[in-house]
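This report refers to the structure that appears directly beneath it.
The values are calculated or read from the model by the stated rules, or taken from the named source; none is laboratory data. Everything numeric here is computed off the predicted structure, so don't read it as measured data. Cβ atoms come from the backbone with ideal geometry, glycine included; neighbour counts cover every protein chain shown. Heavy atoms of the whole protein, side chains included, go into the accessibility calculation; ligands, DNA and RNA do not. Shrake-Rupley method; radii C 1.70, N 1.55, O 1.52, S 1.80 Å.
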Amino acid sequence: NNSNVFSELKIKRNDEIGVLADSMALMEKDINSYIRDLTSAREQANKMNLAANTDALTKVFNKRAFNQKAIQLDDDKPPYGIAMIDINDLKGTNDNYGHEKGDISIMTISRLICSVFNPSAVYRVGGDEFIVVLEGEEYEKRDELVRKLSDLFKANRMNESLEPWERAWAAIIS
């Protein structure tokens, strides 16, 4: 915890006790520096792990993170459900308006999914495919939540005030 017990002793002697106190203060300084470096490395590793598990476009979890979650679900075997979501006609959007507009469609769908489901349960596992892992309260309310998301997709699709690529919608299987 970056304590400076030995440095604060202020022992100034020209004998073995003084040499020992100086050595202990130097060791303490080295240990504190090592701890700071280790803490910084741990924080950096956590950031890198998060980046490795996050979809760059949508900022939800990616397929790698889903694969890890699937292993955990296999091991724990709690009651859970899976909702699979596939964006409709993303290829048409990309072909007609360009991939940048297709990215907007993907982000729109991701936002709608996260507005209904806990974002920590959402995974983008393919170009136009998402999986939501339903556990706990979301599992208990899964039918209601899937209906709510389906209604949001329909409303988004019918909203003529939006650009065509913003009117993205998707199919849901749960």
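What number goes with the only condition from (1) free of Cβ contacts under 8 Å to residues at least 12 places away in the same chain; (2) within 30 Å of ALA170 (Cβ to Cβ); (3) of a type in the set (A, V, I, L, M, F, W, C); (4) open to solvent by 80 Å² or more (accessible area, probe 1.4 Å) that LEU26 does not pass?
Exception for LEU26: condition (2).
Tell me, yes or no, whether region 92-102 has at least one residue that is within 20 Å of THR54 (Cα to Cα), out of contact with any Asp or Glu (no Cβ under 6 Å at 6 or more places or on another chain) and open to solvent by less than 20 Å² (accessible area, probe 1.4 Å).
There is at least one residue in region 92-102 that is within 20 Å of THR54 (Cα to Cα), out of contact with any Asp or Glu (no Cβ under 6 Å at 6 or more places or on another chain) and open to solvent by less than 20 Å² (accessible area, probe 1.4 Å).
Suppose we filter SER110, SER120 for residues that are closer than 28 Å to ASP74 by Cβ, open to solvent by 60 Å² or more (accessible area, probe 1.4 Å) and in a helix (DSSP H, G or I); which single one remains?
Checking each option against the conditions leaves just SER120.
Being charged (D, E, K, R), open to solvent by less than 50 Å² (accessible area, probe 1.4 Å) and assigned to a helix (DSSP H, G or I) is the requirement here; does GLU8 meet it?
No; evaluated as a whole, the condition is false for this residue.
Would you confirm whether or not region 127-139 contains a residue that is open to solvent by 70 Å² or more (accessible area, probe 1.4 Å), more than 17 Å from VAL60 (Cα to Cα) and either in contact with a helix residue (DSSP H, G or I) (Cβ under 9 Å, 6 or more places away or on another chain) or in contact (Cβ under 8 Å) with a residue 12 or more places away in the chain (or both)? Give the derivation first.
Filtering region 127-139 down to residues open to solvent by 70 Å² or more (accessible area, probe 1.4 Å) leaves 129, 137.
If we keep only those that are more than 17 Å from VAL60 (Cα to Cα) as well, we get 137.
Of the ones still in play, those that are also either in contact with a helix residue (DSSP H, G or I) (Cβ under 9 Å, 6 or more places away or on another chain) or in contact (Cβ under 8 Å) with a residue 12 or more places away in the chain (or both) are none.
Scanning region 127-139 turns up no residue that is open to solvent by 70 Å² or more (accessible area, probe 1.4 Å), more than 17 Å from VAL60 (Cα to Cα) and either in contact with a helix residue (DSSP H, G or I) (Cβ under 9 Å, 6 or more places away or on another chain) or in contact (Cβ under 8 Å) with a residue 12 or more places away in the chain (or both).
Kindly indicate the residue of region 57-71 that is open to solvent by 80 Å² or more (accessible area, probe 1.4 Å) and free of Cβ contacts under 8 Å to residues at least 60 places away in the same chain and also nearest to GLY102 (Cα to Cα) among those meeting that condition. Quick ask: steps written out before the conclusion?
To start, the set of residues in region 57-71 that are open to solvent by 80 Å² or more (accessible area, probe 1.4 Å) comprises 59, 63-64, 68, 71.
Narrowing further to those that are free of Cβ contacts under 8 Å to residues at least 60 places away in the same chain: 59, 64, 68, 71.
Working: LYS59: 16, ARG64: 23, GLN68: 28, ILE71: 31 Å.
Here the answer is LYS59.
Counting just the residues of region 1-23 that are among the small types (Gly, Ala, Ser) and at pLDDT 80 or above, which one comes out farthest from ILE35 (Cα to Cα)? Give the steps one after another, and end with the answer.
Narrowing region 1-23 to residues among the small types (Gly, Ala, Ser): 3, 7, 18, 21, 23.
Narrowing the set further to residues that are at pLDDT 80 or above leaves 18, 21, 23.
Values: GLY18: 26, ALA21: 21, SER23: 18 Å.
The selected residue is GLY18.
For region 93-107, how many residues meet the condition of being outside any helix (DSSP H, G or I) and either modelled with pLDDT under 95 or touching a Ser or Thr at 6+ places or on another chain (Cβ under 7 Å) (or both)? If you could, list the steps in order and put the result at the bottom.
Kept after step one, since they are outside any helix (DSSP H, G or I), are these residues of region 93-107: 98.
Imposing the further condition that a residue be either modelled with pLDDT under 95 or touching a Ser or Thr at 6+ places or on another chain (Cβ under 7 Å) (or both) reduces the set to none.
Number of matching residues: 0.
I need the full set of residues from region 140-168 which are assigned to a loop (DSSP other than H, G, I, E, B) and either at pLDDT below 95 or loosely packed, with under 15 Cβ neighbours inside 10 Å (or both), in order please.
Within region 140-168, LYS141, ASN159, GLU160, SER161, LEU162, GLU163 meet the criteria.
Hey, can you tell me all the residues within region 45-56 that are assigned to a loop (DSSP other than H, G, I, E, B) and open to solvent by 50 Å² or more (accessible area, probe 1.4 Å)?
The one that is assigned to a loop (DSSP other than H, G, I, E, B) and open to solvent by 50 Å² or more (accessible area, probe 1.4 Å): ALA56.
Can you tell me which residues in region 11-24 are hydrophobic (A, V, I, L, M, F, W, C), more than 47 Å from the chain's Cα centre (by Cα) and not in a loop (DSSP other than H, G, I, E, B)?
Once the filter is applied, which keeps residues that are hydrophobic (A, V, I, L, M, F, W, C), more than 47 Å from the chain's Cα centre (by Cα) and not in a loop (DSSP other than H, G, I, E, B), region 11-24 yields ILE17, VAL19, LEU20, ALA21.
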